[in-house]
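The values are calculated or read from the model by the stated rules, or taken from the named source; none is laboratory data. Computed from a predicted model, the values in this text were never measured in an experiment. All Cβ positions, even for glycine, are placed from backbone atoms using ideal geometry, and neighbour counts span all protein chains on display. Areas reflect the complete protein model, heavy atoms only, side chains present, ligands, DNA and RNA absent. Shrake-Rupley method; radii C 1.70, N 1.55, O 1.52, S 1.80 Å.
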Amino acid sequence: MEKTTTFPLRYTTYALSIAGLLITAPLSIFLERWYLLPVIFGALTAIGTWDMVQRRHTVSRNYPILANFRYILESIGPEIRQYFIQSDTEERPFSREQRSIVYQRAKNVLDKRPFGSQLSMYEPGYEWMNHSLNPTRLDGSDFRILIGKQCDKPYSASVFNISAMSFGSLSANAILSLNTGARMGHFYHDTGEGSISRYHREPGGDLVWEIGSGYFGCRHPDGTFNEDMFVKNATLDQVKMIELKLSQGAKPGHGGILPGAKVTPEIAEARGVPVGEDVVSPAKHSAFSTPIEMLEFIERLRILSGGKPVGFKLAIGHPWEWFAIVKAMLETGRRPDFIVVDGGEGGTGAAPLEFINRLGMPMKEALLLVHNTLVGTNLREDIAIGAAGKITSAFNIARTLALGADWCNAARGYMFSLGCIQAQNCHTGRCPSGVATQDPRRGNKLDVADKSRRVYNYHKNTLDALQNLLEASGLNHPSELGPEHIIQRTSKSEVHSYMDMLPFLEPGALLKGKTGLGVFDKYWPEAQPDTFGPPEMIIKLRETKLH
């Protein structure tokens, strides 16, 4: 390759910095006010020299000094797009309109919009609710659902609650604010799998204790389930329900490690682990290995808790695994009191890009599958269903309930009510709003008195908006919402209700035989209640590419 002899223009900034330093340094000795110039040129020269000698970044070696502007702009790219480029309705992952409505309702300020909708009503995918010429008038918006009807201690839950977010992923003041707001509004706060911290307990708000594969708060030193520790926490009056986490939407089928450096005394106290040591959350549970064993474990937890509702949370993956759980219910007569369906849309938990974008079933399809399976096996009336997945508004709640859920949970919506600005630094510890960080210099700036009131306001004003939607639709309670109430545009010239567009099973249909729906007819007969393993037909497919 021929060697070039001309001076590369890309070095001009570096060369001018050196020249400026050589010229201004002696001048500053005689001219007092010139002393800043050699400092500036000296700093630029030092940066350029480092860029030239370092070997990690080729762009910096080829473009000394100038390349640093690229890295700066790249680092603030999400903020530039969020504030200056994206439209108000573009969801990446939440639109400015979605965030604004949460902020306004949390602050209890005007949340009305002028001049009509910004949505494209004639584009496929647009959804709406039909109103009634005979609207109702409701006394209030404190809509509730009874969970665990057969339990000694059933729980009357709000239809809109705080989804699972652990102390550790959120700051102490964020947890305090969420739980205080939950107490003020009489709705529940899911602990996340990080267990019950002092910050969950201090305000006294209702808790749903989530137990993951690490059994935090109820574990032996080797990570296995500890019955005595479970009883101690589960029998607290503040704990209203126990939720066994099988998987979560952000990273289904994925365990995790909390590095020892992040295991502070407070986190260690909540999780029941040693301070400063790595903590492993396995990808699967050690207390059971089959669907039948899982239901036995749930029954055991219900008894140990003194008769409180016990259920499980999952993101739907292989359909035969979910079907195996339902078949185990039919065979044993044991069943959970509730199931929370977590959508593959992700959530507050940081995860690999492939998991966030491409793993796990989205909430709409997952909820429909769970609801249909329980209806088709005549189990639906015995098991309540909750759902979570990008729920921020009253319409999101109504649409989710119409698909078959009894109540909704939200994580990121309540984070917005705390002041989250969607900086997407949750996994770095550098959250600018003090919500998703363990840095006390950041987290302590979050004012608990102010933010807890915003959490309360957001819950109340969102349910007030839901009340308005129900009244306009001629309904008396969210439980009356069904697939006939939600309409979706499928093309420029066609619209369909969920009832006509989506498949819904008749009661007992799965017990009678063929349903006409591929996922049920193909996998339901093959699922077995004593194993999560794949059916024989799937095993054969995995043995060869000749299919």
Checklist outcome for this item: With a 1.4 angstrom probe the carbon and sulfur portion of accessible area for the chain, in percent, totals 56
Item to check | Simple label model, 7 Å out from Cα along Cβ direction - residue 152 to residue 73, nm | outcome: 6.7
Checklist entry - Put 163, 479 in order of accessible area, largest first, 1.4 Å probe: what do you get? => result 479, 163
Checklist outcome for this item: Extension length gain for residue 299 and residue 381 (0.36 nm per residue less Cα distance), in nm, is 27.7 nm
Next on the checklist: As an exercise, use a Förster radius of 30 Å and the Cβ-Cβ distance of residue 289 and residue 501 to find the FRET efficiency, rounded to the nearest 0.05.
Outcome noted: 0.20
Item to check | Heavy-atom accessible area per residue - region 165-256, 1.4 Å, Å² | outcome: 30
Checklist entry - Using 0.36 nm per residue, how much length does the chain from residue 365 to residue 133 gain when fully extended, once their Cα-Cα distance is taken away? => result 80.4 nm
Checklist entry - Which value, in debye to the nearest 20, describes the size of the charge dipole of the chain about its Cα centre when Lys and Arg Cβ atoms bear +1, Asp and Glu Cβ atoms bear -1, and nothing else is charged? => result 1420
Next on the checklist: What distance in nm lies between label points placed 7 Å from Cα along the C-beta direction at residue 110 and residue 9?
Outcome noted: 5.3
Checklist entry - Can you tell which of 30, 268, 151 lies farthest toward the positive end of the dipole of the chain, using +1 and -1 charges on the Cβ of basic and acidic side chains (Lys, Arg; Asp, Glu)? => result 30
Next on the checklist: How much length would be gained if the chain were fully extended between residue 22 and residue 62, taking 0.36 nm per residue of separation minus their Cα-Cα distance, in nm to one decimal?
Outcome noted: 12.1 nm
Item to check | Where region 459-547 is the region considered: accessible area per residue in Å², 1.4 Å probe | outcome: 56
Next on the checklist: Given a Förster distance of 25 Å, report the FRET efficiency between residue 222 and residue 543 from their Cβ-Cβ distance, rounded to the nearest 0.05.
Outcome noted: 0.10
Next on the checklist: Starting from a Cα-only point model with no solvent, please compute log10 I(q)/I(0) by Debye for region 406-531 at q = 0.12, 0.13 1/Å.
Outcome noted: -0.83, -0.88
Checklist entry - With the dipole of the chain worked out from charges on the C-beta (+1 for Lys and Arg, -1 for Asp and Glu) around the Cα centre, which of 188, 407, 279 lies farthest toward the positive end? => result 279
Checklist entry - Among 284/460; 284/364; 107/390; 153/245; 364/451, which pairs are too far apart, with a Cα-Cα distance over 27 Å? => result 284/460; 364/451
Item to check | Radius ratio Rg over Rh of the chain, counting only Cα atoms, Kirkwood formula for Rh | outcome: 1.06
Checklist entry - In terms of modelled amide H atoms, which long-range or inter-chain residues lie less than 5 Å from the amide H of residue 143? => result 159
Checklist entry - If the viscosity is 1.002 mPa s and the temperature 20 °C, what translational diffusion coefficient in µm²/s does Stokes-Einstein give for region 492-547 when Rh comes from Kirkwood over Cα pairs? => result 150
Checklist entry - What FRET efficiency do you get for residue 266 and residue 331 if R0 is 51 Å and r is their Cβ-Cβ distance, rounded to the nearest 0.05? => result 0.70
Checklist outcome for this item: With Cα coordinates, the longest principal axis of the chain makes an angle with the long axis of helix 66-75, in degrees rounded to 10, of 20
Checklist entry - In nm, to one decimal, how far is the residue 123 label point from the residue 50 one, both placed 7 Å along Cα→Cβ? => result 4.4
Next on the checklist: Compute the helix-to-body angle for 319-332: its Cα long axis versus the longest principal axis of the chain, expressed 0 to 90° and rounded to tens.
Outcome noted: 30
Item to check | For region 172-212 versus region 405-474, the gap between their alpha-carbon centres in whole angstrom | outcome: 13
